[in-house]
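None of the figures in this text is laboratory data; all of them are computed from the coordinates on show. None of the values given here were measured: they were computed from a predicted structure. FYI the Cβ positions are ideal-geometry reconstructions off the backbone, even for glycines, and counts take in every protein chain you see.
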Amino acid sequence: MIRKRDGRKWGNWCVYDYHSQKIVNKNSENYVKIYQEIRKGFSPIYIDDSEQCSVDEWTQVLHEFGLKSYISYPIINKNNSIVGHLSFMNAEPVHFDPIKLETLLPVCSDLIAIDFKTVIERRNTRRKLEQELRYSKNRELVLSSLAHDLNNPVSILKVISQYLGANIKDESQKKLIKKIEEASLRVKGVIDDILDFSTIRLQGRLIRINDHYRMDSLIKQILSEFEVLHNRTLIVNIDLPVDVPCDHQKMGRAFANLIGNAIKHGNPHQNIEINACIKKENFVFSVTNEVTYPQYSDLKDLFKPFVKGVNSNGLGLGLFIVSEIVKIHKGKIVVNLKDNKITFNLMIPIDLTNVVQ
């Protein structure tokens, strides 16, 4: 006997006819009554001929429905609970070998119990996964909304502090305003990371690359901003004779994150080398800087979210965002460490029908 479940409700019992190998509904309620009247314990039931059955109650139930033989074997899970039964019945006496049945039915029962357990666990896992995906999406929407709300006031604070710093003459006040500006820049960096993180997670797979851009102009613009803000010497070599297909804003963010990472974690007394060129049909952007105390057990971990460097005040999302932007462009990013110098190589194909190998 079987029945289907629709959501939380069970459907009517059905009977599987072994001879016709079909599921039938005929007299299903009768079979259910037989099952409920006879099956009340954990022990197997073997009745080859109801006329010779020692339990009068069972004989009476089988006679009521015109049955002569009946077999019921419990299906028991690991918690020692009955989850179903193997049942066989016939209108004629059926002589069987109990020893063979005691060999076959336990194996069948165990296999069904294992399969039943697997189905339940898979269903529960799927339900939990779907719930977690909904929660995850909601969390990212909240983060994105919060970052958007904070972005404008922090940007205004940064602009005002820059204006005051340029117009106030008192040196002590200038120092205080400079601290406000630096703090606002740090907060702005965190907000930008959150926005990029949530955007990539929510929309990354939907982004289409349709336009081509001059990468040299974009790189020079970002470099000029860093040189003014951080007063660092950047050694730059750019050789880009062709336009490159990309999402202009996201690629600019990737460049800024790599350069910012070099400034934050590099030796402040050493120069930062930046190269951009075309190699083997790929656009290549590399940043090299010297690190004071390299402590990387596995360089690949640098591209995981929330992995922070030594003395970092950020969220640890910068390089993860870079790697996700590169994936959107069918490219890859690799990192090498040699003689206290670390190099990040970003590569994307100039023909997006190809993938960087």
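K174 to D351: FRET efficiency via 1/(1 + (r/R0)^6), r the Cβ-Cβ distance, R0 45 Å, to the nearest 0.05? Calculated value: 0.30. The gain in end-to-end length when the K341 to N275 segment is fully stretched comes to 22.3 nm, 0.36 nm per residue minus the alpha carbon separation. In a fully extended conformation the segment linking V307 and L133 would gain 60.4 nm over its present Cα-Cα distance, using 0.36 nm per residue. List the pairs from K158/K220; K169/K308; K178/K332; K178/K308; K188/K304 whose alpha-carbon separation is above 29 Å, in the order I gave them. Pairs exceeding the cut-off: K169/K308; K178/K332. The label-point distance for R232 and N124, in a model that sets each label 7 Å from Cα toward Cβ, rounds to 5.1 nm. A full extension of the chain between I82 and I114 corresponds to an added length of 10.2 nm, given 0.36 nm per residue minus the alpha carbon distance. Modelled this way, with points 7 Å down the Cα-to-C-beta line, the labels at D49 and Y163 are 10.7 nm from one another. Considering only Cα atoms, the convex hull volume of segment 210-349 works out to 109 Å³ per residue. Measuring from label point to label point, each 7 Å out along Cα→Cβ, what is the K188 to N152 span in nm? Each label point is offset 7 Å from its Cα along the Cβ direction, giving 1.7 nm.
Computed 3J(HN,Hα) for segment 331-342, one whole-Hz value per residue from the Karplus formula 6.51 cos²θ - 1.76 cosθ + 1.60 where θ = phi - 60°, is x, 8, 10, 10, 10, 10, 10, 8, 6, 6, 10, 10, glycine and proline marked x. When the Cα convex hull of segment 237-286 is projected onto planes of every orientation, the mean area is 4.0 nm².
Straight-distance candidates among the aspartates and glutamates for linking to K341, with alpha-carbon spacing under 19 Å and chain neighbours fewer than 8 residues away dropped: E273, E290, D298, D301.
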